[in-house]
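To keep things clear, I will list the structure first and then write my remarks on it.
Read the figures in this text as sums done on the coordinates, not as results from a lab. These numbers come from a predicted model, not from an experiment. Positions of Cβ are backbone-derived with ideal geometry, glycine not excepted, and every protein chain shown enters the neighbour counts.
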Amino acid sequence: MSTALPHGVAGIHALPADHHDGPWDSVIIDPRVKERLLATAVLVLRHGRRLAGSPVAPHGLVVLAGPPGTGKTTLAQGLAQAAARTLAPHGATTLVEVDPHAFPSEMLGESQRAVSRLFRETLPELAARRPHTLVLVDEVEALAVRRHAASFDTNPVDVHRATDAVLSGLDSLRAQRPGTLLVVTTNFAEAVDEAFLSRADLVVHTELPDESVVPLIVADSLRGLAAQWPELAALAEDTAVHQRVGKLLTGLDGRRIRKTVHGALALRLETAREPALLSVDDLVAAAEEAATARP
């Protein structure tokens, strides 16, 4: 039996699923932003079809924009699971992950045809499997290129046609499956076509964590380590350590902060052999190294 995925689809998941727990809680942002995201998702997924006849019916599009490492993809994945758990009494949810880099082509018009098939055939067929469907597209700037800024050195005709196909495809998906939610991320919102952004029901801008949030990320990372090595529980609960390390890491993105905490395990051969030996000095040394190496 073939398990090949449709062209442009990187993954298909049935939610809720226990192994998808975690991302929603790991992204530390304003709880009000999370509530707004979840409420938007639930409204579209649960009531999109009933709202379809309204003059202000949702397009079923959420945009997460911000610098690399600020948790956009993790937040989107977590949103899918959180929405699926909320909607579980009304049926399961399909999460479809799309790879936008699978579509660009040097063949004139091929990108347009492939994108059209995705939105007009593939996604509606997948959406028919379960009551709710959430589609995740990372780095959507690779798919919905801002046409006014398209370079003439990179086949602008095909770029324009592909972006046109995304816009018409989004409208087609909305008409065929109004209960479908498209969640996209972008590192460069200015590179995304204006007409695409104008269709968004919600745009959330993720930012680098400020000095009040960095210690919380340090603490959460240490709790993750303590779940594997209980001897680290004291470090995971020591707010003074979190503040000390966090002060050194302020200005870095969330991904780099977590990597620094985990990377402290590899500063010494002793901790690499036995992570339970991780000390405050290791964490501080790793943070100082990361602070020195920042751009």
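The angle between the Cα long axis of helix 239-249 and the main principal axis of the chain comes to about 60°, on a 0 to 90 degree scale. The angle separating the long axis of helix 156-176 from the principal Cα axis of greatest extent in the chain is about 80 degrees. Kirkwood radius, the chain, all distinct C-alpha pairs, inverse of mean reciprocal distance: 20.8 Å.
Excluding same-chain neighbours fewer than eight residues apart, the lysines reachable from Lys72 by a Cα-Cα span under 20 Å are Lys34, Lys259. Distance between the modelled labels on Ala291 and His7, one decimal in nanometres: 5.2 nm (7 Å Cα→Cβ projection).
Counted over the chain, the DSSP beta bridges are approximately 25% antiparallel.
Peptide packing for 73-83, 196-206 was compared via the average number of neighbouring C-beta atoms within 10 Å per residue; ordered from the highest value, the list is 73-83, 196-206. One decimal place: the segment Ser212-His262 gains 16.0 nm when fully extended, by the rule 0.36 nm per residue minus the C-alpha distance.
With the helix formula -39500 (n - 2.57) applied to DSSP H stretches of n ≥ 4, the chain reaches a computed 222 nm mean residue ellipticity of -14000 deg cm²/dmol.
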